[in-house]
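The values are calculated or read from the model by the stated rules, or taken from the named source; none is laboratory data. Quick caveat, the model's predicted, so the values are computed rather than measured. Glycine gets a Cβ as well: all are built from the backbone with ideal geometry, and neighbour counts include every protein chain shown.
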Amino acid sequence: MKKGQIVKLTGGLYSILDAETKVLLQARASGILRHQKLDENSSFNKQLTKRTKLDIKTVQISPKVGDFVLYDDTDINHSIKTVLERQNELTRPDVANVDQVLILTSVKNPNFSFNLLDQFLILIEQAHIKPVLIVSKIDLISEVELATLKDILTYYERIGYDVHYVNSKQKIGFDTLEDLFTDKLSVLAGQTGAGKSTFLNALMPELGIKTQEISMALGRGKHTTRHTELYFYGGGMIADTPGFSKLELSIFDPNELKDYFVEFKHYESACKFGTSCSHTHEPECAIKDNPNILLTRYQNYIKYYEEIKNKKERY
């Protein structure tokens, strides 16, 4: 058995980078992965519904890009026999062992959305991965509009998020990204049409990744990335992933949501009910009407809280 890392997945065929030789080879998943017995502490053991428990069970493990695996080097198909425990993982996009997620959000075509941004941040915080905000297409709005947006986004910087502003076509703002990728596996994610492929082309022109214009009828981008692949850049790796237009929060207890609004932790000790406060209706809550918390953040929190609370149970 030899160890490697999956760097590309296309139609059931995996590209693996051998850990020792650094040679790329093609591999397939072994049938043994269809019947893996897990204990409750396994990183592959996921709660799928409100009622399921993290107990010992047999599941099928599907290798993801970013996974470290053991493969049979004597087999012509280099069959993947074992997927090693994951540090973390994302479901949409399907990538494992991620160090940071670069959330690419355009200022226009499609328009900037704090609702969408906060959803991305929840998903990434839930996966225990560092988010980095990349605001793209800054050439499409006026200086006044950009200054207004920057003023609001300073809030996100104050609560601990890095924010960068770029114009990918003219490579404006890329000087601030020089050390961002060193020794990290970065995932490039964002709303379809936000300019992920154009951003990657600006970083690595040799890739020549296909891009498409925004669909004028739908007001959003067309899918241009068809598979997930890691590219070597800046001393690390970047994952380009298929775009998506809908995010679904896989949270079953609405009271868990507050853990992913990082700024709440600074104030909730002052709540009358402490950490058991839901920050929705309780008296003497330090989060509600707090002038130090961005209003759209709190409004989005309430919106997502109600969505999770009213979500129909799956069995």
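Being at negative phi, modelled with pLDDT of 65 or more and not polar (S, T, N, Q) holds for only one residue in ASP55, ASP18, and it is ASP18.
Among residues of the range 113-137 that are in contact (Cβ under 8 Å) with a residue 24 or more places away in the chain, those with a Cβ under 9 angstrom from a residue that is acidic (Asp, Glu) and part of a helix (DSSP H, G or I), sequence gap 6+ or separate chain, pair up as GLU125/ASP259; GLN126/GLU256; GLN126/ASP259; PRO131/GLU125; LEU133/GLU157. Consider the range 134-175 and keep the residues that are of a type in the set (Gly, Ala, Ser) and on the phi > 0 side of the Ramachandran plot. The one that is modelled with the highest pLDDT is GLY160.
Does PRO110 fit the bill of being within 30 Å of LYS309 (Cα to Cα), in a loop (DSSP other than H, G, I, E, B), of a type outside the set (A, V, I, L, M) and more than 16 Å from the chain's Cα centre (by Cα)? Considered against the rule, which asks whether it is within 30 Å of LYS309 (Cα to Cα), in a loop (DSSP other than H, G, I, E, B), of a type outside the set (A, V, I, L, M) and more than 16 Å from the chain's Cα centre (by Cα), PRO110 comes out as yes. Of the residues making up the range 122-178, those that are among the charged types (D, E, K, R) and within 20 Å of the chain's Cα centre (by Cα) number 4.
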